[in-house]
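The values are calculated or read from the model by the stated rules, or taken from the named source; none is laboratory data. Quick caveat, the model's predicted, so the values are computed rather than measured. In this analysis, Cβ positions are derived from the backbone assuming ideal geometry, glycine residues included, and neighbour counts consider all displayed protein chains. For accessibility, only protein heavy atoms count, side chains too; no ligands or nucleic acids. Shrake-Rupley method; radii C 1.70, N 1.55, O 1.52, S 1.80 Å.
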Amino acid sequence: MQPFELSLTEASRAVRERELSPVELTESALARISAVEGRLGAYVTVAADAALAAAVRAEREISVSGPRGPLHGIPMALKDLIDAEGIPTTASSRVRAGHVAEGDSRVAERLGAAGAVLLGKTHTHEFAYGLTTPQTHNAWDHSRVAGGSSGGSAVAVAAGGATFAMGTDTGGSIRVPAALNGVVGLKPTYGLVPRTGVTSLSWSLDHVGPLTRTVQDAALVLSATAGYDPRDPASVSGPVLDRFPGGDLRGLKVGVPRNHYFDRVTPEVEESVRGAIERLAELGAELVDVEIPMARYIQAVQWGLMVPEATAYHERSLRATPDRYAADVRILLEAGELTSAGDYLRAQRPHHDARRLGSHVRRNRRPRRADGADDRRRGGAGSRRVGRWHDRGRVGQLRPPLCPRQHHRRPGPHPAGRSRPRRTADRNAADGAPLPRRDGAPCGPGLRGVSGRRGAACSPRCLREADVPADMRLRRRRGVHRARAPGYAALRVADAGHRLEATNSH
């Protein structure tokens with residue numbers, strides 16, 4: 001067996017036990033790329049010199065202090081959407097010709113910290129907007145497509161041109177090429193692997209994940225790349241999960257979908273999946289039948305989100321240089337300009353509701369105070385009202401220009417004298433003394449704060465809820481936040497990656 005044929009787990013063990021050096025493994029992978037690349041077209045860029053230099057460093061480090069982890073000295077590839085400092089990131093498009101990354105993406109940074117050796121960048125369907133990767137041929141049958149959009153990564157792993165590779169998945173872009181080339185592709189939980197430094201297709205749906213030769217290899221790569229990143233607005237924080245439970249799965253619950261996934265499937269695929277489910281049960285996992293909510297809307301929601309978001313991301317370059325896009329991608333981007341804001345928000349509604357079904361009720365359950373009573377104070381510990389709508393200061397331009405908490409139901413500043421002041425304990429405690437707003441400005445001459453005087457400052461309660469828009473007078477019904485005005489949509493804009501999220505508070 002040649003070194004390039006080893007799985008990540010096998011290669012890692014050989015390097016750890018000094019049976020194989022990182023230099024030998026990297027040279028074997030580069031030789032394989034030279035032998036098959038002319039027929040397969042998996043790579044956009046091969047950084048042979050940089051890869052050999054990194055392998056030499058890894059070999060020296062391992063000989064001195066041992067490997068940092070299972071990825072130390074292992075050659076890998078990145079999809080050509082993922083930035084690596086000093087290497088072009090073209091997204092397989094003429095639009096990005098000559099673009100060289102000035103820094104590492106968070107994924108590349110973490111893989112580099114783990115000691116992985118970067119061989120180069122692999123082809124994608126242009127800007128990941130397709131499922132064929134036309135530049136690349138299938139690893140096993142050159143007359144067939146490789147799948148996409150992470151086709152280059154899947155073919156590189158299947159053909160031995162990389163021990164593992166990273167791809168992205170928005171609507172099947174890791175899983176489709178993995179299936180067509182006989183490798184393992186994992187689409188992680190949304191936000192588990194950070195997307196900082198990764199060219200976006202649709203920020204509501206983008207995922208970054210590994211393509212490997214075995215499931216255990218995928219777990220190794222996921223362990224090295226997953227984790228919270230404050231620069232990614234979608235990144236999730238929480239305890240590190242045990243991704244290596246071993247052979248005993250007792251105590252683990254595995255959901256088995258009753259709908260959608262087995263509706264239209266070939267007998268061979270269903271038999272294989274059912275066999276894997278039975279194997280999980282044999283290892284002690286508890287199987288739980290689940291029903292995927294709103295499964296019939298999945299495709300409509302995906303396109304309702306992906307098409308306008310992709311167009312928003314490419315708005316400037318599409319108008320400046322439309323001829324540089326491939327015809328299929330340009331047509332989809334132009335179609336996104338015809339999508340109305342109403343259609344986009346309607347697509348957001350089931351998307352938001354599906355997530356809420358899984359976590360919203362649990363997250364907003366009222367905690368008990370030490371004395372056993374419910375904490376029902378507005379904006380207090382028992383209410384996540386502020387936390388739910390707080391946007392870390394990114395949507396200041398969308399807030400009403402004056403006091404963000406007026407006692408009426410209509411959005412924006414209310415005409416003078418229309419809002420009835422509320423007598424509260426805060427007002428009495430203030431004893432008529434003006435209290436500064438969070439930004440130090442008064443409520444404004446045409447509005448009344450809770451003190452009841454025009455131009456008066458806000459109360460401490462208003463300060464606590466200064467990030468809640470005026471028309472989001474939320475109240476609790478059966479443990480779930482609801483707006484008094486049904487169908488209200490709050491637009492949240494984040495500057496990173498032209499991010500525009502719409503959530504429906506229905």
Task: Spherically averaged projected area in nm², based on the convex hull that wraps the Cα atoms of the stretch 248-327 - done: 8.8 nm²
Open item on the list: Can you give me the % of accessible surface on the stretch 1-102 that is carbon or sulfur? Probe 1.4 Å, all protein chains present, nothing else counted.
Closed with: 50 percent
Open item on the list: For a test of the definition: using alpha carbon positions, the gyration tensor, and the 1.5 limit on a/c, classify the stretch 1-67 as rounded, prolate or oblate.
Closed with: oblate
TODO: Sort Ile298, Ile331, Ile74 from largest to smallest accessible area, using a 1.4 Å probe on the heavy atoms of the protein chains.
DONE: Ile331, Ile298, Ile74
Task: Loop-resident sites, the stretch 243-347, for chymotrypsin sites (Phe, Trp or Tyr not before Pro), counting at most 14 other Cβ within 10 Å (DSSP) - done: Tyr261, Phe262
Open item on the list: To make sure I understand the rule: partners must be lysines, Cα under 25 Å from the Cα of Lys121, and not fewer than 8 residues away in the same chain. Which ones qualify?
Closed with: Lys79, Lys187
Task: Å² of accessible area per residue within the stretch 153-200, as computed with a 1.4 Å probe and no ligands counted - done: 22 Å²
Open item on the list: Once R0 is set to 51 Å, what does the formula 1/(1 + (r/R0)^6) return for the Cβ-Cβ distance between Val64 and Glu271, expressed as a FRET efficiency to the nearest 0.05?
Closed with: 0.55
Open item on the list: What does the charge count around Ser272 come to, taking other residues whose C-beta lies under 14 Å from its C-beta (Lys +1, Arg +1, Asp -1, Glu -1)?
Closed with: -2
TODO: Return the long-range amide H neighbours of Ala146 (sequence gap of 5 or more, or a different chain), with a cut-off of under 5 Å between placed amide H atoms.
DONE: Asn138
Open item on the list: Largest first and in whole Å, what are the equivalent-ellipsoid semi-axes of the stretch 86-229 based on the Cα gyration tensor, each being the root of 5 times an eigenvalue?
Closed with: 20, 18, 15
Task: Positive dipole terminus of the stretch 35-130, leading residue within Leu40, Ser93, Leu52 (C-beta point charges) - done: Leu40
Task: Size of electric dipole in the stretch 54-187: Cβ of Lys, Arg +1 and of Asp, Glu -1, about Cα centre, debye, nearest 20 - done: 180 debye
